[in-house]
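Asks: Once you've had a glance at the structure underneath, I'll fire off some questions.
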Amino acid sequence: MRKFFPVEELARDQRFEQITMRQAQADPRTVLNAESRNKTNRLTPDRADASDRARGLMHGIFVGEIQALEGAGRTCWDFETGTEAPFALKLDMARQAWDEARHVEISVKLSDWMGTEIGQFAENTVLFEAACSNDPVLRLAGVNRALEGLAIDVFTTMKEFGDLAGDPFLEFCEDWMLADEVTHVKMGSDWLRRITENDAERRKKALEFQQVVDKLFSFGGTRSDSKESPIGLARRFRELAGFTDTEVEDIAEMSLKALEERKAFAAAALAGDTTADPA
């Protein structure tokens, strides 16, 4: 079987439409409309667009779980056992692939429950791109710590939304998957430290890569402590997953900065400045 499968050749049928992160961030209205809601943009049932936002986020979770399954599975296959990746690490990645397959099934059923069809929203493939590194440690940093860390924030937000909306099915399923995500992030945290215990330079590169992915997936401030962000930062669950207080604070600061940059871009774009760049 082929190794190091490129993102351009992911197997998808005609229902799926893929977009880039830049395209996903291109509409400035999603940031500025927080001004008309008393500075709150958090996903709550009383929002006029709550149904569409929740269904869109659920579909994003669904395609993210597919890519997480593909990424964990590729790590099991792409690297030679012992020389490139410890056997125990591959076992953990296999366990994660099993979890992600279950999450895909749950997400499909939840999407159907919420009235969403597969492919109704676009698929962003950045998660799998982070799983294409030729160094397993960078995959752990980019996928297990950065992106699975984001999943902790998303599942926590969706769980709270299900509770507020009086939807026990959504709340229960999100709580169930959240427990898995904390485990996945903890595995990434533990393995990154173990593999780079005697290689400070490799650890530095991995953590720098994680910061790049974290910034990219801040979604222009979509995830932060601010109520202007639809997704909150799940601090306690991140601590349980192996993040230090300093790492959590760094992510919080980065996310708030991304929010301010996105707001500046949005204001410039709505004012007719076509040279503004959301990145």
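Asks: With the structure loaded, tell me whether residue 67 is under 20 Å from the mean Cα position of the chain (by Cα) and either under 30 Å from residue 198 (Cα atoms) or part of a helix (DSSP H, G or I) (or both) or whether it fails that test. Before you say what the answer is, go through the steps one by one.
Replies: Working: under 20 Å from the mean Cα position of the chain (by Cα): yes; either under 30 Å from residue 198 (Cα atoms) or part of a helix (DSSP H, G or I) (or both): yes.
Considered against the rule, which asks whether it is under 20 Å from the mean Cα position of the chain (by Cα) and either under 30 Å from residue 198 (Cα atoms) or part of a helix (DSSP H, G or I) (or both), residue 67 comes out as yes.
Asks: Let me ask something else about it. Residue by residue through region 106-146, note down the ones that are among the acidic types (Asp, Glu), under 17 Å from residue 17 (Cα atoms) and in a loop (DSSP other than H, G, I, E, B).
Replies: Restricting attention to region 106-146, the residues satisfying the condition of being among the acidic types (Asp, Glu) are 112, 117, 123, 129, 135.
Narrowing further to those that are under 17 Å from residue 17 (Cα atoms): 117, 123, 129.
Answer for region 106-146, where residues must be among the acidic types (Asp, Glu), under 17 Å from residue 17 (Cα atoms) and in a loop (DSSP other than H, G, I, E, B): just 117.
Asks: Right, next: What helices (runs of 4 or more DSSP H), lying completely within region 165-279, carry at least 3 residues that are touching a Leu at 6+ places or on another chain (Cβ under 8 Å)? Steps first, please.
Replies: On the way: elements: 168-195, 200-216, 235-240, 245-270.
Correct list: 168-195, 200-216, 245-270.
Asks: Is it the case, given these coordinates, that residue 229 is surrounded by 14 or more Cβ atoms within 10 Å (Cβ to Cβ), among the polar types (S, T, N, Q) and over 23 Å from residue 43 (Cα atoms)? Steps first, please.
Replies: On the way: surrounded by 14 or more Cβ atoms within 10 Å (Cβ to Cβ): yes; among the polar types (S, T, N, Q): yes; over 23 Å from residue 43 (Cα atoms): no.
No, not satisfied.
Asks: Continuing with this model, one more query. Mind checking which residues of region 234-257 are over 11 Å from residue 214 (Cβ atoms), crowded, with 21+ Cβ neighbours inside 10 Å and of a type in the set (A, V, I, L, M)?
Replies: 234, 241 - these are the residues of region 234-257 that are over 11 Å from residue 214 (Cβ atoms), crowded, with 21+ Cβ neighbours inside 10 Å and of a type in the set (A, V, I, L, M).
Asks: Here's a check for you: in region 134-193, which residue that is within 11 Å of residue 238 (Cα to Cα) and of a type in the set (D, E, K, R) is surrounded by the fewest Cβ atoms within 10 Å (Cβ to Cβ)?
Replies: Among those residues, the one meeting the criterion is 186.
Laboratory data are not the source of any read-out in this text; all were calculated from the coordinates shown. This is a predicted model, so every value here is computed, not measured. In this analysis, Cβ positions are derived from the backbone assuming ideal geometry, glycine residues included, and neighbour counts consider all displayed protein chains.
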